[in-house]
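Trainee: Just passing along the structure, written as structure tokens.
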Amino acid sequence: MRRPAATQATPTYDEDMTMRHYPTDLLLAVEHVERALASGALAPLDARLRQAGVADPLSRFDSGRLFDGLDRLLGGVCQYPWQPLTDSDDVLELRPVGTVVLDDRLAEATLRGLLLAWALGNRVTLRSARPQLWEQVMGALREAGVPLPAGQVTGPAAEAPGHPLEVPALPAGADLAVDCRAAWAQGLFRLRHLPGVSLDRARSEDRDERTGRLAARLRYLVARARRTPYYRDLPDVSGAGDLTRLPVLEKAALEAHSLPASRDLSSGDPASGEVLRSGATSGEPRYIVYSRTDWENMVREAVPMLYALGLEPGDRIVNTLFGGGMYGGLTTTFSELSRMPVESYATAQFVTVDDLLMLTGNFDANVILGMPALILPLLRDAKKRRPGLRVEKVIYGGTPMTETDKTWLRQELGARVVSSILAANDGAQLGYQCGFLDGTVHHVNDDYNLIEVVDAAGRPVEEGTTGELLVTGLQKFEGPLIRYRIGDMGRTYEHSCACGVTGRVLEYRGRSDGLVRFKGETVLYGEVFDALAPFGVSQLQIEVATEGSREILTLRTEAPCPPDPDAVRELLVEEFAVLGGYQDFDAALDAYELRIDCLAEGGLPRNAVSGKVKNVIDRRLDGAVR
């Protein structure tokens, strides 16, 4: 059972002038009253509202319909106070009008005016001959314990500076969602166009409000998550500082409590939206449910990111991301690109060299979007067939790309943009590279996916220290992910970027399972990969297996010009003693072997669903791939 909410002092006008309020907090307050009315805990208020002419008080506190209405009115409740535009990389900024003055003539209209005025962050002065009723309504809303704007009730003839608001009677058959689209609701806020200001830049320039902004998002997420059986006992949180009070979600727990195994992470809301499936690189596939709102939030956040990656109006994009089998790469980008003023050719993983040459030649396609494991062999073959081939922009995700490959794209294809997206089916986009970031450093969007860096026990590490990544999806409410250990390593630090965005960046350090135990020693996949840079290696796979009593470590590489295996062996043995003859036991024992297999690009097997190459394979445990 949920604990009683803490009492909250009503802020004074001076205090409230400096505060920004969020519609999600008003929604939580309305939900609190909704539950109390339904349970009978607010029977006196219900009776008083009915006596004042509110025919069905419970329907006037329908938090679900109010969310739907506000989401349309604001162009996204979860993006407040900005509306990212889709035809340009600009935003509109929403601001409350200040103090709204309501004259209480019709109680139902007054109630609707109060709720929407507070939802938009306005202070309210309510002039009424029945002050006790409205003080009781405001008090019931404040009992939710979330920050709400100031409100006061005066006599019907009192002087009240502010913006008078006329709220008409609710038309027959209308509800809160319809009410939000009425003309009178437009008078509760002001829109200001910020030309040349992207969503990320607006947020980075709003640093003084960042703590309050993330706190509001987290409060709403936790409240929505409590609707699921798995998260029903989550403790109350007031802000991001309370994250460590919440449990870490491990992948095994996610699989056990998600579909198809269980509905423990389902809210029970009516079905809507899209369902994706995991790549299933190990174990059974898992299905990820995005409600309609979740999906809209992902698209709203992704369009500004795609602009930041280097896309521009008029670009023509060959989209080679994997699709089919409910995998999300093609599906998500199709939804996102369809909102933008670009032309997209969704070939998916079935793209051929002929397709690419036709699209660049006849349609003037200038952008390719895909995974390095697919597009690099494709582009190299296309370049051989058409030496004059040019591709202006290469946007990739799924796996990192080597600096050697990036240099080839710039020098041989004339690519002026080579940018990376970090993303996962479970929670969509995690980070992106603007034109001023290189290596594996990415801007992060904590307003969408809040990233923590922790140790193995889930404790935060110092800023700049490498650790495991936890993701909390602040805008995904069906199948919520709270402190989910995604299986990747990285470090975060503050960075003032030349693109104009100041804030945290993430340096991606690869999979946390990229540790190879060989001869009792640890070899890091990433370090081995980095050591192979002189050979122009694009992909690396390390496999450990046993043959009889011997342990075999096999390194398989892909490169446009496969190197000599003996040269690779010589370099690796020099760099990593454990891969050579070094061992902590009798050297006469023939217990270990290093094998090198150098393949042309495309030679390594790809996952049939995600198209990824399995980086580390350990076949020593019961003969299974781990």
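The values are calculated or read from the model by the stated rules, or taken from the named source; none is laboratory data. Values in this document were obtained by computation on a predicted structure and should not be read as measured data. Every residue, glycine as well, gets a Cβ built from its backbone with ideal geometry; the counts of neighbours run over all protein chains shown. With ligands, DNA and RNA removed, areas are computed over all heavy atoms of the protein, side chains included. Shrake-Rupley method; radii C 1.70, N 1.55, O 1.52, S 1.80 Å.
Trainee: Name the longest site-free stretch of the chain, where the excluded sites are GluC sites (Glu not before Pro) in a DSSP loop with no more than 16 other beta-carbon atoms within 10 Å. Walk me through the numbers before you get to the answer.
Mentor: Numbers: sites that count: E159, E166, E205, E250, E462, E463.
For GluC sites (Glu not before Pro) (loop position, at most 16 other Cβ atoms within 10 Å), the longest site-free span of the chain is 251-461.
Trainee: Give the share of C-alpha pairs in each 10 angstrom bin for region 211-278, from 0 to the last occupied bin, in whole percents, shortest bins first.
Mentor: Once binned at 10 Å, the Cα pair distances of region 211-278 give 18, 45, 32, 5.
Trainee: Specify the inter-centroid distance of region 112-167 and region 532-583, based on alpha-carbon positions, in whole Å.
Mentor: Their Cα centres are 71 Å away from one another.
Trainee: What lysines does K383 reach when the alpha-carbon gap must be under 16 Å and sequence neighbours fewer than 8 apart in one chain are set aside?
Mentor: K393, K406
Trainee: By how many degrees, 0 to 90 and rounded to 10, does the Cα axis of helix 131-142 deviate from the longest principal axis of the chain?
Mentor: Orientation of helix 131-142: about 10 degrees from the principal axis.
Trainee: Calculated from the structure, semi-axes √(5λ) of the Cα gyration tensor in Å equals which of (i) 53, 27, 20; (ii) 45, 31, 22; (iii) 80, 32, 29?
Mentor: For semi-axes √(5λ) of the Cα gyration tensor in Å, the calculated option is (i).
Trainee: Here's a follow-up. If you line up the long axis of helix 63-74 against the longest principal axis of the chain, both from Cα atoms, how many degrees apart are they, to the nearest 10?
Mentor: 70 degrees
Trainee: Find the Rg to Rh ratio for region 402-473, where Rh is the Kirkwood radius over alpha-carbon pairs and Rg uses the same atoms.
Mentor: Numbers: Rg = 15.0 Å, Rh = 14.0 Å.
Over the Cα atoms of region 402-473, Rg/Rh equals 1.07.
Trainee: Please compute the alpha carbon radius of gyration of region 128-287, then divide it by the globular-protein estimate 2.2 N^0.38 Å. Two decimals is fine.
Mentor: Working: Rg = 22.2 Å, N = 160, 2.2 N^0.38 = 15.1 Å.
Compactness ratio reported: 1.46.
Trainee: Considering only protein heavy atoms and a probe of 1.4 Å, how much of the accessible area of region 50-187 is carbon and sulfur, as a whole percent? If you can, show how the numbers build up before the last one.
Mentor: Values: 2630 of 5220 Å².
Ligands and nucleic acids excluded, carbon and sulfur reach 50 percent.
Trainee: Once every DSSP H run of n ≥ 4 in the chain is given -39500 (n - 2.57) and the sum is divided by its residues, what mean residue ellipticity at 222 nm do you get, rounded to the nearest 500 deg cm²/dmol?
Mentor: Values: 18 runs with 186 residues, N = 626.
It lands at -9000 deg cm²/dmol.
Trainee: So, with a 1.4 angstrom probe, what is the percent of accessible area on region 300-371 that is carbon and sulfur? Working shown, then result.
Mentor: On the way: 1420 of 2500 Å².
The C+S portion of the solvent-accessible surface of region 300-371 is 57 percent.
Trainee: What is the Cα centroid distance between region 179-205 and region 432-504, reported in whole angstrom?
Mentor: The two parts, judged by their Cα centres, are 27 Å apart.
Trainee: Express the accessible area of the chain per residue in Å², computed with a 1.4 Å probe while the remaining protein chains stay in the model. Walk me through the intermediate numbers first.
Mentor: Working: 26320 Å² over 626 residues.
About 42 Å² of surface per residue is accessible.
Trainee: Using Stokes-Einstein with the Kirkwood hydrodynamic radius over Cα pairs, what translational diffusion coefficient do you get for region 61-101 at 4 °C and a viscosity of 1.567 mPa s, in µm²/s rounded to a whole number? Don't jump to the answer; show the numbers that get you there.
Mentor: Working: Rh = 11.6 Å.
My calculation gives 111 µm²/s for D.
Trainee: Are there trypsin sites (Lys or Arg not before Pro) in region 178-261 that DSSP marks as loop and that have at most 12 other Cβ atoms within 10 Å, and which are they?
Mentor: Numbers: sites: R181, R190, R192, R201, R203, R207, R210, R213, R217, R219, R224, R226, R227, R232, R245, K251; in loops: R181, R226, R227, R232.
The qualifying sites are R181, R232.
Trainee: Have a look at region 316-412 and give its Rg and Dmax from the Cα atoms, expressed in angstrom.
Mentor: 12.8, 37
Trainee: Next question. What is the helix-to-structure angle for 107-119, meaning the angle in degrees between its Cα long axis and the longest Cα principal axis of the chain, kept from 0 to 90 and rounded to the nearest 10?
Mentor: Rounded to the nearest ten degrees, it is 30.
Trainee: In Å and whole numbers, how far do the C-alpha atoms of region 170-248 stretch along each principal axis, longest first?
Mentor: That works out to 44, 42, 16 Å along the principal axes.
Trainee: When 1/r is averaged over all different Cα pairs and the result inverted, which Kirkwood radius in Å belongs to region 234-357?
Mentor: Working: mean 1/r = 0.0580 Å⁻¹.
For region 234-357, the Kirkwood estimate is 17.2 Å.
Trainee: Within the chain, what percent of beta bridges assigned by DSSP are antiparallel, to the nearest 5?
Mentor: Numbers: 55 of 96 bridges.
The antiparallel fraction comes to roughly 55 percent.
Trainee: While we're here: If you find the alpha carbon centre of region 238-261 and of region 27-68, how far apart are they in angstrom?
Mentor: About 32 Å separates the Cα centre of region 238-261 from the one of region 27-68.
Trainee: If you don't mind, there's one more thing I want to ask. Which loop-located chymotrypsin sites (Phe, Trp or Tyr not before Pro) does region 376-478 contain, where loop means any DSSP state but H, G, I, E or B and the Cβ has at most 15 other Cβ atoms within 10 Å? Don't skip to the answer; put the middle values down first.
Mentor: Details: sites: Y396, W408, Y432, F436, Y448, F477; in loops: F436, Y448, F477.
Sites meeting the loop and neighbour criteria: F436.
Trainee: Still on this model: Charges on Cβ only, +1 for Lys and Arg, -1 for Asp and Glu, centred on the Cα centroid of the chain; of L276, Q411, A365, which one is farthest towards the dipole's positive end?
Mentor: Going by the charge dipole, the pick is L276.
Trainee: What per residue convex hull volume, in Å³, comes out for region 46-130 when only alpha-carbon positions are used?
Mentor: Output value, Cα hull per residue: 98 Å³.
Trainee: Out of the total accessible area of region 426-475 (probe 1.4 Å, heavy atoms of protein only), what percent is carbon and sulfur? Please report the intermediate quantities before stating the final value.
Mentor: Working: 800 of 1620 Å².
C and S fraction of accessible area: 50 percent.
Trainee: Where does the Debye-calculated log10 I(q)/I(0) of region 67-193 sit at q = 0.15 Å⁻¹, using only Cα point scatterers of equal weight, no solvent?
Mentor: -0.72
Trainee: Ranked from highest to lowest mean number of other Cβ atoms within 10 Å per residue, what is the order of the peptides 237-244, 533-540?
Mentor: On the way: 237-244: 15.4, 533-540: 19.2.
So the peptides 237-244, 533-540, ranked by packing, come out 533-540, 237-244.
Trainee: Quick one: which residues, 5+ away or cross-chain, put their amide H under 5 Å from the amide H of A346? H built at 1.01 Å from N.
Mentor: N319
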